[in-house]
Amino acid sequence: MPRRAVWVFDFISPYAYLQFNRLHALPEGLELEFRPVLFAGLLSHWGQLGPAEIPQKKVHTMLTAQWRARRAGLPFVPPPRHPFNPLTLLRLSIALGNRRAVIATIFDHVWGRGEDGQAPGSMARLAARLELPMPRLERMIAAPEVKRSLRANTETAAREGVFGVPSIVIDTRIFWGDDMFGLLLDWLRDPGILETPEARRIAALPAAAERSRTAPHPPGEPLSESSATSGR
């Protein structure tokens, strides 16, 4: 039976854009499922702020992503506003079956061409690229089953322990962030690298001190769309 990986992503993340363009390096025979989630929902669940909600971290994130894109030979033009509300884009991906070509077009629209992630004019241009009449796109993203699917994806990811995007989930292992992609490839070749005594000791390190913080979002509680704009 082929091994299966789940790629958890949100179009709001520049690092998801970068990693999407590296997924071709995954070994043949590994089944890959694309699973769009609402990153802001994960942040609410774990009681975290998004990088773009901290001004200096937002600058660091964008400059680092720009540098990495340049090194990878990828176009990188951030959208004119960030964070933005990615709900329309996420629902569109789901409505169109999360096909790889669709995801590629949406990522390029936002991060390759610098289009606004939620402005009506930008959505009309994206619809044209996808050869979709705008009224049909609007009907598709408004479908109750599409909204339920996005919510279920996000809640499943949180339940599995996913806390950020992009993440690749294989079995019970979570590889978070584009910078862990190399580790993932090494682990696929040799799973023992994360089963050494030292790796197990590191995974079980206790905390010596803890700060008070916001309680995690209760699992299963409906996610609010009003908090959809916290982006990495």
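The values are calculated or read from the model by the stated rules, or taken from the named source; none is laboratory data. A quick note: this is a predicted structure, and the numbers were derived from the prediction, not measured. FYI the Cβ positions are ideal-geometry reconstructions off the backbone, even for glycines, and counts take in every protein chain you see.
In the stretch 83-103, which residues are of a type in the set (A, V, I, L, M) and under 22 Å from T61 (Cβ atoms)?
Matches in the stretch 83-103: L87, L89, L90, I103.
If only one of E28, E33, E53 is under 27 Å from R129 (Cα atoms) and among the acidic types (D, E), which one is it?
Details: E28 fails: under 27 Å from R129 (Cα atoms); E53 fails: under 27 Å from R129 (Cα atoms).
Every option except E33 fails the conditions.
So if I check each of N98, N85, which one is of a type outside the set (D, E), part of a loop (DSSP other than H, G, I, E, B), under 30 Å from R189 (Cβ atoms) and within 16 Å of the chain's Cα centre (by Cα)?
Being of a type outside the set (D, E), part of a loop (DSSP other than H, G, I, E, B), under 30 Å from R189 (Cβ atoms) and within 16 Å of the chain's Cα centre (by Cα) holds for just one of N98, N85, which is N98.
Restricting attention to the stretch 1-25, report how many residues are under 11 Å from the mean Cα position of the chain (by Cα) and among the charged types (D, E, K, R).
So the count comes out to 1.
Which ones in the stretch 190-214 are touching a residue at least 60 places away in the same chain (Cβ under 8 Å) and among the charged types (D, E, K, R)?
Within the stretch 190-214, just R213 meets the criteria.
How about the stretch 1-76: which helices (runs of 4 or more DSSP H) wholly inside it have at least 1 residues that are over 20 Å from F175 (Cβ atoms)?
Result: 39-46, 55-72.
Scan the stretch 210-225 and tell me whether some residue there is surrounded by 16 or more Cβ atoms within 10 Å (Cβ to Cβ) and either at pLDDT below 95 or more than 25 Å from P51 (Cβ to Cβ) (or both).
Yes; the residues of the stretch 210-225 include at least one that is surrounded by 16 or more Cβ atoms within 10 Å (Cβ to Cβ) and either at pLDDT below 95 or more than 25 Å from P51 (Cβ to Cβ) (or both).
Residue-wise test of (1) crowded, with 21+ Cβ neighbours inside 10 Å; (2) not aliphatic (A, V, I, L, M).
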| site | (1), (2) |
| --- | --- |
| A16 | yes, no |
| F20 | yes, yes |
| A25 | no, no |
| F34 | no, yes |
| L38 | yes, no |
| L42 | yes, no |
| G47 | no, yes |
| I54 | no, no |
| K57 | no, yes |
